Amino acid sequence: MRIVLYPRVAPDVLDIAERLLPPGFTLKMVDPSVAPAGLAAALAEADFLMGFVGPLPAEAWRAAKSLRLIQLLSAGYDSLQIEQARQLRVPAATNGGANAISVAEHGVMLMLALYRRLPQFDRDVRQGKWRSAARGETRYHELGGKRVGLVGMGMIGRQVAKRLRGFDVDLWYYDVRRLPPEEEAQLGATFAAFDELIAGVDVLSLHLPLLPETRGIIGEKELSAMRPGSVLINTARGELVDEPALVKALRDGPLAGAGLDVFAQEPPPADHPLFSMENVVLTPHSAGPTWESWPRRFANGYANIQRVARGEKPQWVIPELRDLPEG
């Protein structure tokens with residue numbers, strides 16, 4: 001059984017992939033700089049494609065006649081060419097929540113960094129500035145006691161909820177599928193309608209996949225409806241938010257701040273208006289790939305590949321391809 005790993009990963013990450021490789025499988029990493037013919041040649045011999053799979057050249061898709069599963073190492077799949085996979089009748093699966101802990105921790109970090117003005121304080125100390133002699137002149141806040149709203153309660157959303165329990169927040173959530181009452185009780189989470197949640201929380205945190213129905217789900221209407229002084233956290237996908245409307249809401253209200261790990265265009269342009277705003281904390285789409293997440297990504301991916309190799313159905317197949325016939 002032959003697995004192609006694409007695109008290239010760092011040598012230390014490749015060591016993890018090779019160490020966890022199950023018996024009876026071979027792993028070949030293909031560099032994205034290879035010519036289309038080289039990628040096509042590798043996929044022509046592959047039973048499985050694993051990695052952060054984005055657009056592939058048509059030549060590569062035509063060659064992948066033996067492919068049985070596209071196993072993503074990511075939770076997101078918006079760059080995957082779903083129609084090409086459908087034409088080949090090849091299912092594609094996400095990473096089974098391997099990065100859920102990483103993203104959840106990053107989201108809570110952004111909440112705290114905003115409320116405690118961490119970037120500003122770090123800059124001040126490095127520039128020789130100390131706190132004002134007038135106590136209370138600089139306002140920063142506690143997360144405890146705030147009402148936090150999670151939009152999306154999948155694997156990542158539930159991990160965020162677990163971590164927020166220790167902060168004594170009032171936790172609301174919205175998802176198209178409501179959790180069972182016992183799980184809501186375990187997480188300390190209250191279900192709310194989407195519009196009610198948007199208008200009723202101090203912190204709005206997004207944990208949704210990018211789909212046609214979620215693109216721009218947070219637009220001018222939603223931002224205008226948020227509480228004065230509220231903050232937005234986005235560790236999911238930049239296109240979930242109307243960025244010009246976000247800039248306006250941060251400049252003119254009602255938003256007091258935003259913590260963003262993702263942008264509509266990545267990397268963002270050098271003159272992006274968010275770069276000049278003091279009330280934002282920005283990170284470079286780095287929430288997911290912690291060092292500890294890599295073994296989980298490969299372990300989940302290999303387990304799914306082994307299921308398919310045994311003739312079983314894969315787990316975590318993306319919704320758009322779940323209707324593919326078996327075999």
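Can you tell me the length gained on complete extension of the stretch Gln315 to Asp271, counting 0.36 nm per residue apart and subtracting the Cα distance? Walk me through the numbers on the way to the answer.
Details: separation 44, 0.36 × 44 = 15.84 nm, distance 4.19 nm.
Roughly 11.7 nm would be gained on extension.
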Completion exercise
Note, Gly238: beta-carbon cut-off 11 Å, +1 each Lys/Arg, -1 each Asp/Glu, net -4
Practice task
Could you let me know the centre-to-centre spacing of the range 105-149 and the range 253-327, using Cα atoms, in angstrom?
Solution key: 27
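Given the -39500 (n - 2.57) contribution per DSSP H run of 4+ residues, what per-residue ellipticity at 222 nm results for the chain, rounded to the nearest 500 deg cm²/dmol?
Rounded to the nearest 500, the figure is -10000 deg cm²/dmol.
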Practice task
In nm, give the distance between the simple-model label positions of Asp12 and Val34, each being 7 Å from the Cα along the Cα-to-Cβ direction.
Solution key: 2.5
Handout entry: Long-range amide H partners of Trp172 with built H, under 5 Å
Key = Val148, Gly149, Leu150, Thr190
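Tell me the net charge near Ala264. Cut-off is 11 Å between Cβ atoms, Ala264 excluded, with +1 for each Lys or Arg and -1 for each Asp or Glu. Present the calculation step by step, with values, prior to reporting the outcome.
Values: positive: Arg215, Arg237; negative: Glu239, Asp242, Glu243, Glu266.
Cβ neighbours under 11 Å give a net charge of -2.
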Exercise for the section: Work from the charge dipole of the range 209-252 (Cβ charges, +1 for Lys and Arg, -1 for Asp and Glu, about the Cα centre) and give the residue of Leu240, Pro209, Met226 farthest towards its positive end. Expected result: Met226
Problem - At most 12 other Cβ within 10 Å, DSSP loop - trypsin sites (Lys or Arg not before Pro), the range 10-106 - result: Lys65
Practice task
Quick one, can you get me the convex hull of the C-alpha atoms of the range 223-308 expressed as volume per residue in Å³?
Solution key: 133
Handout entry: J(HN,Hα) series, the range 279-284, from Karplus relation 6.51 cos²θ - 1.76 cosθ + 1.60, nearest Hz, glycine and proline x
Key = 9, 10, 10, 10, 9, x
Fill in the blank from the handout: Dimensionless Rg/Rh of the chain, both radii on Cα and Rh by Kirkwood, sits at 1.01
Practice task
Give me Rg over Rh for the range 100-282, both radii from the alpha carbons and Rh done the Kirkwood way, two decimal places.
Solution key: 0.97
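With r as the distance between the Cβ atoms of Asp170 and Arg307 and R0 = 41 Å, compute the FRET efficiency 1/(1 + (r/R0)^6) and round to 0.05. Display every interim value, and only then the final one.
Working: r = 41 Å, r/R0 = 0.99.
Computed FRET efficiency for Arg307 and Asp170: 0.50.
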Exercise for the section: Would you check the chain for Lys pairs whose C-alpha atoms are within less than 27 Å, ignoring same-chain pairs closer than 8 in sequence, and give me the count? Expected result: 7
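Here, each number is a calculation from the coordinates, and none is a lab measurement. In this text the structure is predicted, and so the values were computed from the model without any measurement. Here the Cβ is made from the backbone with ideal geometry for all residues, glycine too, and neighbour counts use every protein chain on show.
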